[in-house]
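Below: the structure, in structure tokens.
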Amino acid sequence: MSEMTLLQDLKARGLVAQMTSEEELEKHLAEGSVTLYCGFDPTADSLHLGHLVPLLMLKRFQDYGHRPIALVGGATGLIGDPSFKAQERQLNSGEVVAEWSNCLKGQISRFIDFNDESGAILANNYDWTSGIDTLTFLRDIGKHFTVNKMIAKESVKQRIEREDSGISFTEFTYQILQSFDYQQLNKAYGCTLQIGGSDQWGNITGGIDLTRRMNGAQAHGMTLPLITKSDGTKFGKTEGGAVWLDAAKTSPYAFYQFWLNTPDADVYRFLKYFTFLSVEEIDALEKADAERQGRPEAQSVLAREVTRLVHGDDGLLAAQRITDALFSGDLSDLSETDYEQLGQDGLPSSELDVAALAETPMTTLLSDAGVATNGKQVKDALQRQAVIVNGNACGVEDNMKAAEIFAAERAVFGRFFMVKLGKKKHHLFKLA
RNA sequence: GGUGGGAUUCCCGAGUGGCCAAAGGGAUCAGACUGUAAAUCUGACGCGCGAGCUUCGGUGGUUCGAAUCCACCUCCCACCA
């Protein structure tokens, strides 16, 4: 490890958007082990890529000897954070939020070490929020907030100024709840640093104020930058929507492919954000890539590192196994068990009923299987000889010949068909 | 409350009675080139293999024929009070 302090490293990685006095924070972190927290609200049954940077950030602090608290927002998730949201959100039921909270807990614990007693803490703000009664809340906590300040926050400003959408009292109260979390964690665990996305700045400073007023303690805050892409499109989205951390929702293979497809213009920045490789290593990689002709190394390093972080060695192996099989040339050296494995590893696959194929055009068959979004795309691909079944290209004239193309005697090992549409879309059909 | 403007296919945005499934751009998908890049070029882009079917805020109407004209309704925007 280099001589850099944690803060210097984070800055070198571009991971700091805003922070309370840098000088004081630097000093505070140097004094010894600091307890810090980051909250994750259960807005779905899985975390997604947007949560990854803060999650890894907790781990970065832990690696430097600090103690992270991962806070699951079982309470705040019931209310909904209005920060920079254009519209009021739909409330989710208590059971749903509780269930989602559990999902998040499981995921978070894979990233951070909760083992030894001085290690990380997993908390749920439902524990100290649910039991509080209205009058106590209003008198003991509410009294510390002036509406003037609350209204002035940039994160709710547009909602307050907009005539059409507005903001409910419920969501408006969110910042008080989050501030209360900080104060509670400060009291219970001596937590003195909160981190979060850059949209959380207002909520974090609110918590710092409340902690000072109620606990007489000095607390700090830091926000992480919003991850942007060089082409202006939203980071973390694919054709299928969000990229989830749950292997059941985004397979390790799809996850690996997502990173492998990172544009050159973003890849070194992402390496700094999403991996634990040192800044020097990443800079060296960038230099080496620039000097070499052809394909850069960076994407595969990024894909490897992040997939391992999220899905472990097994997930990474599965993803690489599929990738090698599909993109390294020919499939003929795959064994029967390899085929079986591909399906289990997360390659999109489905069962095929040959008997029902006589009347089914390829366009329908493939779009139903999810290889393309509609028949037109399949037709287009057929016209360009871009549909490949077990290595044989199909044309438009084959559209009505599905029964022939997928005849059992043509199947690999008597039951597999690898269908490729274009260069990147693969689908495995298994005879029923 | 008053007056004027607007709502078009994923997004932006043309279209003011037939030649409109609807210009153009963006996004997206595929092909060439490449590195499973970028840039560029080509094609597709409401749904359907096809015949054909369903669209232009909503509901009715005029007409042989309406995204385009009329009536009412809903929602946005601007100005006035």
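Just so it is clear, none of the values below were taken in a lab; they were calculated from the coordinates. Here the structure is a predicted model, which means the values were calculated and not measured. Cβ placement follows ideal geometry from the backbone for every residue including glycine, while neighbour counts extend to all protein chains displayed.
A few notes on this one:
- For the range A:296-301, the Karplus equation 6.51 cos²θ - 1.76 cosθ + 1.60, evaluated at θ = phi - 60°, returns couplings of x, 7, 3, 4, 6, 5 Hz by residue, with Gly and Pro reported as x.
- Cross-link partners of residue A:153 among lysines (Cα-Cα below 17 Å; sequence separation of 8 or more within a chain): A:85
- Within chain A, helix-based [θ] at 222 nm, where runs of 4 or more DSSP H residues each add -39,500 (n - 2.57), nearest 500: -13500 deg cm²/dmol
- Taking the DSSP bridge list for chain A and keeping only pairs wholly inside it, about 45 percent are antiparallel.
- Value of relative contact order over chain A, rounded to a whole percent, pairs C-alpha under 8 Å and six or more apart: 14
- Near the amide H of residue A:197, within less than 5 Å, lie the amide hydrogens of A:224, all on another chain or at least 5 residues away, with H placed in the peptide plane.
- Between residue A:124 and A:72, the built amide H atoms are under 5 Å apart, and every one of these is 5 or more places off in sequence or on another chain.
- Tail weight of P(r) past 13 Å, computed on alpha-carbon pairs of the range A:161-220, percent: 60
- Most mobile of A:105, A:272, A:401 in a GNM of chain A (Cα contacts under 10 Å): A:401
- Candidate aspartates and glutamates - alpha carbon under 18 Å from residue A:157, same-chain residues fewer than 8 apart omitted: A:81, A:88, A:171, A:199
- The equivalent ellipsoid of the range A:276-368 has semi-axes of 37, 16, 13 Å, largest first, where each one is the square root of 5 times an eigenvalue of the Cα gyration tensor.
- Note, ³J(HN,Hα) from phi for the range A:169-183, Karplus 6.51, -1.76, 1.60, rounded to Hz, x at Gly and Pro: 4, 4, 5, 4, 6, 3, 4, 5, 4, 5, 5, 5, 4, 4, 4
- Over the range A:6-224, the alpha carbon radius of gyration divided by the compact-protein estimate 2.2 N^0.38 Å works out to 0.98.
- The string of couplings for the range A:314-328 from the Karplus curve (6.51, -1.76, 1.60, θ = phi - 60°) is 5, x, 4, 4, 4, 5, 5, 4, 5, 4, 4, 4, 7, 10, 8 Hz, one whole number per residue in order, with x for Gly and Pro.
- For the options A:173, A:134, A:238, a Gaussian network treatment of chain A with springs between C-alpha atoms closer than 10 Å singles out A:134 as fluctuating the most.
- Built amide H within the under 5 Å cut-off of residue A:69, gap 5+: A:36, A:37, A:38, A:121
- When chain A is reduced to its Cα atoms, the Kirkwood hydrodynamic radius in Å: 24.5
- Over 20 Å (Cα to Cα) - which of A:379/A:401; A:237/A:430; A:59/A:187 fall in this group: A:237/A:430; A:59/A:187
- Summing charges over all other residues whose Cβ lies under 15 Å from the Cβ of residue A:296, with Lys and Arg as +1 and Asp and Glu as -1, gives -4.
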